[in-house]
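This report concerns only the one structure given below.
The values are calculated or read from the model by the stated rules, or taken from the named source; none is laboratory data. Small disclaimer: the values here were computed from a predicted structure and weren't measured. Heads up: the accessible areas ignore ligands, DNA and RNA and are worked out on the full protein's heavy atoms, side chains in. Shrake-Rupley method; radii C 1.70, N 1.55, O 1.52, S 1.80 Å.
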Amino acid sequence: MDAVIKVGGSLAEDPEKLRALCRKLGELAKKCALIVVPGGGGFADVVRDFDKRFALSRNVSHKMAILAMDQFGLLLSDIMPNSRVFHRLQNAKKLSEAMGAPIFLPSRLMFEEDQLENSWDVTSDSIAAYVANLVHAEKLVLVTDVDGVFTSDPKKHSGAMLIERLTAERLLKLNRRTSVDRYLPKLLLDAHVDCYIVNGEFPERVEEVLAGLRTTCTFVAAKAEQ
């Protein structure tokens, strides 16, 4: 498998830009073996709200958040050309070879295996990394609404600087929520898969990452660089 691509739910804030990204992913699926993993977006935000109001158990809120990913995946399937949803990773290769853009709905797998910590530190970022490990993907691409990992929150601090390259070990040591969840670097270290965090408002950057070209993003190396 060439890549697992997670489409962040935050991109739904701008419908036209999300549609443009989906068109690009539909095109790329004709040339690359890829799996699309949906984020949770506004659907997961609803779960967070109910979690705060009702003090839900970790297990229940975690499962509800995963179901939010399924919902966003269905939305993506309706606006992404040449796409189809699937539930079993065993079907991924066949669907990709059929020239489709396979969109993975993770609830069935995650409910059955439940290998990840049940907490808000584990979001669709970590689930996408888990999937990338299972299918032996060459790259994990996390598509979000910012250019990558910054020294501080770029939406709050104008002086925040993009970190273009770091290791999973260094990301783990940051010990804070960046543009990716806090659990992700642990999975990258275990899975030995390289990760690219890229802004989906510029779909050509996703194409450049898949082609191995230099672009604006954060590259997270699974292994320490010599």
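Excluding same-chain neighbours fewer than eight residues apart, the aspartates and glutamates reachable from LYS155 by a Cα-Cα span under 12 Å are ASP145, ASP147. A helix-only calculation puts the chain at -13000 deg cm²/dmol for mean residue ellipticity at 222 nm, using -39500 (n - 2.57) for each DSSP H run of at least four residues, averaged over all residues.
Given a cut-off of under 8 Å on Cα pairs at least six residues apart, what relative contact order in percent is computed for the range 72-226? Each step should come with its number before you reach the end.
Working: 239 pairs, mean separation 34.6, N = 155.
In percent, rounded to a whole number, it is 22.
Overall, the accessible surface of the chain at a probe of 1.4 angstrom is composed of carbon and sulfur to the extent of 49 percent.
Which values of log₁₀ I(q)/I(0), to two decimal places, follow from the Debye formula for the range 127-176 at q = 0.15, 0.20, 0.21, 0.30 Å⁻¹ with a uniform point scatterer at every Cα? Taking Cα atoms of the range 127-176 as identical point scatterers yields -0.53, -0.86, -0.92, -1.19.
Normalised per residue, the accessible area of the chain is 49 Å², obtained with a 1.4 Å probe and no contribution from ligands, DNA or RNA. Please state the relative contact order of the range 1-121 as a whole percent: Cα pairs under 8 Å, 6+ residues apart? Reported as a whole number, the value is 30 percent. Among rounded, prolate and oblate, which fits the range 1-96 when a ≥ b ≥ c are the square roots of the eigenvalues of its C-alpha gyration tensor, a/c under 1.5 means rounded, and a/b larger than b/c means prolate? It is oblate, given that a/c is not under 1.5 and a/b is not larger than b/c. Radius of gyration (Cα atoms) of the range 134-226, expressed as a multiple of 2.2 N^0.38 Å: 1.03. As a length-normalised measure over Cα pairs under 8 Å and 6 or more apart, the relative contact order of the range 139-210 settles at 46 percent.
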